[in-house]
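Bear in mind that the values in this text are calculations on the coordinates, not laboratory data. Just so you know, these numbers come straight off a predicted model, no measurement behind them. Note: ideal-geometry Cβ built from the backbone for every residue, glycine included; neighbour counts use all protein chains shown.
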Amino acid sequence: MPSHDAIVIGAGLVGSAIALRLAQEGLRVALLEKNAPGREASWAGAGMLSPAPDSPAAIPLVPFGRASLGLYPQFVAEIEEISGKRAGYRSEGAIELLFSADAERELSTLIALHHALGLPTEPLPLDEASKLEPALTRRAQAAAYFPYEACVDNRALIDALLAAAETSGVTLFPDTHVSQILIEHGRCMGVRTGKGQIFSAQNVVVAAGAFSGLLEGIVPPLATRPIRGQMVALSSHEKPIRHVVRCERGYIVPRDSAAPQRLVTGSTLEDAGFEKRVTAAGIEKILSTAQELVPQLSNAEIVETWSGLRPDTPDHLPLLGPAGVDGVTVATGHYRNGILLTPITAKLVREWIVEKRVSMDWEIFDPLRFARTKSEGTNSDDAPSESRVSETRG
């Protein structure tokens with residue numbers, strides 16, 4: 001029976017960062033992943049680091065997003081130093097284009113909201129937008145500039161983070177499917193795998209993304225569900241795009257400034273269960289949005305398509321904090337914001353496990369909040385569908 005001080009279930013960005021932080025405190029940490037580490041939602045995202053809310057439901061996340069974005073430069077520098085690997089962090093900012101006939105009013109509302117939330121978003125005259133990114137469409141009616149935003153190559157980051165975690169003493173267990181959290185007399189004792197193996201620990205962190213709700217032992221089960229997102233990578237020989245470019249229907253994220261340039265475009269929002277695949281309709285909508293934003297991409301080569309499963313919750317906010325059982329902490333349900341919220345989530349979970357205190361109030365993310373009001377269970381009327389298959393966040 002392997003024994004550790006802490007077990008982290010899920011070797012994505014959130015789980016790996018938590019495991020690293022706990023190991024840096026001198027804890028013996030096991031990081032368990034049901035498949036290949038880092039190859040679920042953390043691998044599938046676009047890597048945008050945007051604390052700006054893309055819906056009213058996301059407004060409570062803004063303080064956490066701002067805090068996490070502020071941690072990112074040091075977080076990336078630390079990971080790169082420990083691992084010796086690059087993470088592809090870029091801080092050029094983002095441009096959002098508005099196309100509606102009422103675009104100026106929409107822009108004014110957006111700017112006012114962002115300023116009230118402490119986000120220094122700026123209106124961007126269209127001629128200035130063309131100077132910043134000459135390849136942008138001329139059909140937009142207004143534009144906003146997000147100078148504080150950044151992006152990261154999430155695939156490079158997860159590889160570097162896993163290497164940093166192992167270098168720091170974390171023991172990684174790939175292909176280890178946790179089926180149950182073991183609880184005795186209201187106290188966590190460890191976990192059992194699908195093959196019957198038991199790992200002993202008095203601290204267990206659930207960071208299994210969309211699969212968290214399948215774990216046995218937590219009553220009631222965690223309220224997570226998978227929301228599929230399809231993605232397309234393009235290779236363009238045209239003049240490089242420097243900024244993240246987006247609209248309400250999708251986005252383009254430059255991975256580098258090389259020639260040809262790799263551009264990640266997306267995405268879809270689909271309530272398709274645990275089925276990961278790409279569809280003709282999803283890819284067509286992504287490509288049409290990318291060409292609407294940057295017409296020259298009609299000549300770009302499609303070099304990769306893929307899909308991933310975001311961990312959603314009924315109110316689209318994370319499940320973060322103690323799970324009502326001594327020794328069990330939850331860090332899942334980050335939906336579209338898992339990459340952005342990785343540093344702050346790891347910081348808070350480390351504080352809770354090591355110090356039994358947190359530096360930010362996370363009560364709004366209480367993992368048990370849905371159990372308290374059963375009528376707040378998943379509402380099928382709010383479920384994303386193929387009629388709403390694009391978004392502005394990976």
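Sorting His185, His177, His115, His4 on the 10 Å Cβ count, fewest up front, what's the list?
So the ranking, lowest neighbour count to highest, is His185, His115, His177, His4.
Going by C-beta contacts inside 10 Å, put Asp361, Asp312 in order with the fewest on the left.
By the 10 Å Cβ count, ascending: Asp361, Asp312.
Subtract the Cα-Cα distance of Ala36 and Thr109 from 0.36 nm times their separation in residues, and report this length gain in nm to one decimal.
Separation in residues times 0.36 nm, less the Cα-Cα distance, equals 21.9 nm.
Lysines within cross-link reach of Lys276: Cα-Cα under 18 Å, excluding same-chain residues under 8 positions apart?
The reachable lysines, counting only those whose Cα sits under 18 Å from Lys276, are Lys34, Lys285.
Using Cα atoms only, what is the angle between the long axis of helix 62-83 and the major principal axis of the chain, expressed in degrees (0 to 90) to the nearest 10?
The helix 62-83 is inclined about 80 degrees to the chain.
Please enumerate, by chain and number, the lysines with C-alpha under 23 Å from the C-alpha of Lys356, excluding those fewer than 8 residues away in the same chain.
Lys347
Starting from 0.36 nm per residue, how many nanometres of slack lie between Glu301 and Ala281 once their C-alpha separation is accounted for?
Value of the extension gain: 5.4 nm.
Relative to the longest principal Cα axis of the chain, at what angle does helix 13-24 sit, 0 to 90 degrees, rounded to 10?
50 degrees
Order these peptides, 8-14, 292-298, by their mean beta-carbon neighbour count within 10 angstrom, highest first.
Going by the mean number of other Cβ atoms within 10 Å, highest first, we get 8-14, 292-298.
Order of 315-323, 73-81, 44-52 by packing, highest average Cβ count within 10 Å first?
44-52, 315-323, 73-81
Can you work out ³J(HN,Hα) from phi for every residue in the stretch 102-107, in order, using Karplus 6.51 cos²θ - 1.76 cosθ + 1.60 and θ = phi - 60°, giving whole Hz and x for Gly and Pro?
Coupling constants for the stretch 102-107: 9, 4, 5, 5, 4, 5 Hz.
Which FRET efficiency, nearest 0.05, do Glu122 and Gln202 yield, Cβ-Cβ r, R0 56 Å?
It comes out at approximately 0.70.
Please report, in debye to the nearest 20, how large the charge dipole of the chain is about its Cα centre when each Lys and Arg carries +1 at its beta carbon and each Asp and Glu carries -1 there.
Its charge dipole is roughly 580 debye.
Order of Val62, Val204, Val170 from fewest to most other C-beta atoms within 10 Å?
Ascending number of Cβ neighbours within 10 Å: Val62, Val170, Val204.
Which value in deg cm²/dmol, rounded to the nearest 500, describes the helix-derived mean residue ellipticity at 222 nm for the chain, given -39,500 (n - 2.57) per DSSP H run of n ≥ 4 and division by the residue count?
-8500 deg cm²/dmol
Considering only the chain, what is the antiparallel percent among its DSSP beta bridges, to the nearest 5?
Antiparallel bridges make up about 70 percent of those DSSP assigns within the chain.
Identify all aspartates and glutamates with a Cα-Cα distance to Lys85 below 17 Å; exclude those on the same chain that are fewer than 8 residues away in sequence.
Within the straight-line cut-off, Lys85 pairs with Asp153, Asp159, Glu166, Asp256.
Can you list the trypsin sites (Lys or Arg not before Pro) in the stretch 153-236 that are in a DSSP coil and have 15 or fewer other beta carbons within 10 angstrom?
Sparse-neighbourhood loop trypsin sites (Lys or Arg not before Pro): Lys195.
Give me the angle, in degrees from 0 to 90, between the Cα long axis of helix 280-293 and the longest principal axis of the Cα atoms of the chain, rounded to the nearest 10.
With both axes taken from Cα atoms, the answer is about 50 degrees.
Quick one: compute a quarter of the convex hull surface over the Cα atoms of the chain and quote it in nm².
About 18.6 nm², averaged over all directions.
Rounded to whole Å and sorted largest first, what semi-axes of the equivalent ellipsoid does the C-alpha gyration tensor of the stretch 1-119 yield via the square root of 5 times each eigenvalue?
Equivalent ellipsoid semi-axes, largest first: 36, 15, 15 Å.
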